[in-house]
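Each value in this text was obtained by applying a stated rule to the coordinates, not by laboratory testing. Just so it is clear, the structure is predicted and the values come from calculations on it, not from any experiment. Here Cβ is always computed from backbone atoms with ideal geometry, including for glycine, and neighbour counts include all displayed protein chains.
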Amino acid sequence: MFRKVGIIGVGQSVFGVRGDVTIQELAWEAVKEALEDAGLTQRDIEISIVGSAGTRTYELYPAVPVNEYSGFSEKGPIRVEAACATGSAALAVAYNMVASGFVDVALAIGVEKMNEVDTATSLAVGGRGGNYLWEYHFYGTTFPGYYALYATAHMAKFGTTEEQLALVRVKNQKYAAKNPKAQFQFEVTVDDVLKSRPVAWPLKLYDCSAITDGAAAAVIASEDAIKNLHIDTPVWIEAIGYASDTANITKREDYVGLKATRLAAQMAYKKSHIEPKDVEVAEVHDCFTIAEIMAYEDLGFVEKGKGGKFIEEGQSDIGGKVAVNLSGGLLGKGHPLGATGLAMIYELVKQLREERERGRQAPLKKYIALAHNIGGTGHYGYVTILRR
Amino acid sequence: MGMAERKTERKTIKREGPVIDSIPIIYKHRIPISKTVKYWDGLKEGKIYAVRCKSCGAVYYPPQADCPYCGSSDIEWFELPKEGVLETFTRIYARPQGYEDFEPYIIAIAKVGDVRVMGWLVNVKDERCVKVGDEVTLSTAYIEKHNKYIITFQLKNKQC
Ligand SMILES: CC(C)(COP(=O)(O)OP(=O)(O)OC[C@H]1O[C@@H](n2cnc3c(N)ncnc32)[C@H](O)[C@@H]1OP(=O)(O)O)[C@@H](O)C(=O)NCCC(=O)NCCS
Ligand SMILES: [Zn+2]
């Protein structure tokens, strides 16, 4: 039988272009805050899980230097990689180690330095995120390009408009503007988005998340350890759902949704006995505007094809059916691959503790939150449900 | 105050400091194609091959020599039709390393027979006039810069 597991400390670095720090220095910013938040020291942590996609930094085996710099040389690390869902995979490993009784207290770290190489290199790395041999090698696929394939199909099938896509960025920038750790701390208009330059038609610059450096961390513990440590504000991990899909995008069933999201969500809802309508605040994987619209549908917040309407009606904003991406999302806050999943957890723990700045705290009654993190173009899916 | 000055300040996190250069590392991989050489040779002749498992009938495109469903490696190669229907497409403006020299190119996925095929949609000026569902014809083309053959699509019944 699995044990109950809670999150007792979270930390996040400032996201953005962080040319001022190395990967280990950046990770420490998040680890330090997470340890302080939990009121623990390295001695209390039994194992560290380090998540980093690690494909853009000069440090090819980043887990070891990160672990040493943070003072965990003898504990772990277990290095985890699941492309853009790496942070969630790190949490899943840490969760399983605590839930299974292997350890009582674990630390999940997610970190990514993406700006040590230029944009063309970054695009060439991201474009290999499917299946190099049959896609990138022949056709020069890019990450924005992969999601653009979904955007084109979604627009053609359901009449989703460029304006509706733009509204996602407008909403997320509204909250990023209030998040002191976000890469882009300003608001934008629909017009700004529509007039931005094309990156992978129909996606434009403001339909895309950026190339970001950042780190995030979470300390998790068993129910017994939480009692022994006298921690009174744990956030419980109700369930983690996970799934995957084909490497080759040509083998997908369709281009209007992500099966990895649907399967991971089904698993998480079933394990936690929580339904989509119970979720009050969510961080969803908005690496591109179309991704957030598909997430509304695939997570069951609204039926397939109605995602564009959902944002238009304000249903994904505070006051709507579910408050989505009050951190600013990947679009506003930035998307450092390995850190992203844990930054979602950081935001939701703060939300559930009602510690957010004015104007971006979700009103809560049931205290139920959901994190949705996708790796690659729907290659990996993680859905984590939290409750206070 | 002029218009430009009234534009609100856009706070972006961009922290720079002194840096040094790493020792560059160059990867150039040798990719084995012995199990799929029929495909690579086919492209040179303008043919696009897929694979069928002789034991269970499963079809594979892109091709693979082993069938994970029934465990057989007894496969047959067959040629795909030269016509298909567009399922989706995008034009790549922000180009990756190795593709910077190409004009923004259109990557498309078409349904061809029972499988989906990726290719470059060529001879299109305005991608906004291309529609999902448009019919395309398939051929192959030599890309000198990469010394490779690729699949190209052309719109069958219209000019864009
Ligand atoms: C879209 C993209 C190619 C743009 O990169 P770029 O052309 O190098 O842009 P630059 O870095 O030169 O930035 C130019 C300006 O646009 C801003 N900018 C860059 N990306 C931005 C984005 N996604 N959204 C908003 N503004 C952005 C920069 O801050 C900069 O602003 P400034 O002129 O005020 O300083 C790049 O952000 C990208 O690849 N994004 C996708 C990342 C991705 O694929 N992630 C998924 C996982 S691999
Ligand atoms: Zn078979």
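Things worth noting here:
- Here segment A:254-388 carries DSSP beta bridges of which approximately 60% are antiparallel, counting only pairs with both residues inside.
- Averaging 1/r over every pair of different alpha carbons in segment A:75-132 and inverting the result gives a Kirkwood radius of 13.3 Å.
- Cα long-axis angle, helix A:162-176 against chain A (0 to 90 degrees, to the nearest 10): 30
- Rg/Rh for the protein assembly as shown (Cα atoms only, Rh after Kirkwood) is 0.98.
- For segment A:38-94, the equivalent ellipsoid built from the Cα gyration tensor has semi-axes of 20, 14, 8 Å, listed from largest to smallest.
- Projecting the Cα atoms of A:Phe102, A:Trp28, A:Leu40 onto the charge dipole of segment A:21-133, computed from C-beta unit charges around the Cα centre, puts A:Phe102 farthest toward the positive end.
- Chain B, helix-only ellipticity at 222 nm - DSSP H runs n ≥ 4, -39,500 (n - 2.57), divided by all residues, nearest 500: -1500 deg cm²/dmol
- Neighbour net charge for A:Ile311 - beta-carbon separation under 12 angstrom, K R +1, D E -1: -2
- Note on chain A: GNM, Cα springs under 10 Å; of A:Gly101, A:Gly76, A:Gly214, the largest mean-square fluctuation is that of A:Gly101.
- Residue among A:Tyr136, A:Tyr95, A:Tyr150 with the largest mean-square fluctuation in a Gaussian network model of chain A, springs linking Cα atoms under 10 Å: A:Tyr136
- Of all DSSP bridge pairs formed entirely within chain B, close to 95 percent run antiparallel.
- Sorted by Cβ density within 10 Å, fewest first, the residues A:Ser100, A:Ser316: A:Ser100, A:Ser316
- Charge sum, other residues only, whose C-beta stays under 14 Å from A:Arg79's C-beta, Lys/Arg counted +1 and Asp/Glu -1: -3
- Set B:Lys38/B:Lys111; A:Lys75/B:Lys11; A:Lys195/A:Lys251; A:Lys113/A:Lys306 screened for pairs whose C-alpha atoms are more than 30 Å apart: A:Lys75/B:Lys11; A:Lys195/A:Lys251; A:Lys113/A:Lys306
- Qualifying GluC sites (Glu not before Pro) in segment A:327-377, where qualification requires a DSSP coil assignment and no more than 14 other C-beta atoms within 10 Å, comprise A:Glu354, A:Glu355, A:Glu357.
- In plain terms, the C-alpha convex hull of segment A:263-359 casts an average shadow of 6.5 nm² when viewed from every direction.
- Using alpha-carbon coordinates, inclination of helix A:259-272 to the longest axis of chain A, degrees: 40
- Test item: A:129-140 mean partner chain Cβ contacts at 10 Å: 5
- Calculated P(r) of segment B:87-160 - Cα pairs past 14 Å, %: 61
- Antiparallel content of DSSP bridges confined to chain A, in %, to 5: 75
- If you run the Gaussian network model on chain A, springs between alpha carbon atoms under 10 Å, then out of A:Gly375, A:Gly51, A:Gly19 the most flexible one is A:Gly19.
- Packing-based exposure ordering (other Cβ within 10 Å, fewest first) of B:Thr12, A:Thr142: B:Thr12, A:Thr142
- A Cβ-based charge dipole, computed about the Cα centre of segment A:132-188 with Lys and Arg at +1 and Asp and Glu at -1, lands at about 320 debye.
- Charge tally in the Cβ shell below 15 Å around A:Ser244, where Lys, Arg are +1 and Asp, Glu are -1, A:Ser244 excluded: 0
- Largest first, the three principal axis extents of the alpha carbons in segment A:225-301 are 52, 23, 23 Å in whole numbers.
- Value of [θ]222 nm, deg cm²/dmol, for chain A, DSSP H segments ≥ 4, -39500 (n - 2.57) each, nearest 500: -10500 deg cm²/dmol
- If you bin all the Cα-Cα distances of segment B:25-142 at 10 Å, starting from zero, the percentages per bin are 12, 34, 34, 17, 3.
- All Cα-Cα separations within segment A:139-195 were binned at 5 Å from zero, giving a P(r) of 4, 18, 18, 18, 20, 14, 7, 2, each value a whole percent of the pairs.
- Stokes-Einstein diffusion coefficient of segment A:3-124, Kirkwood radius over Cα pairs, 10 °C, 1.306 mPa s, in µm²/s: 108
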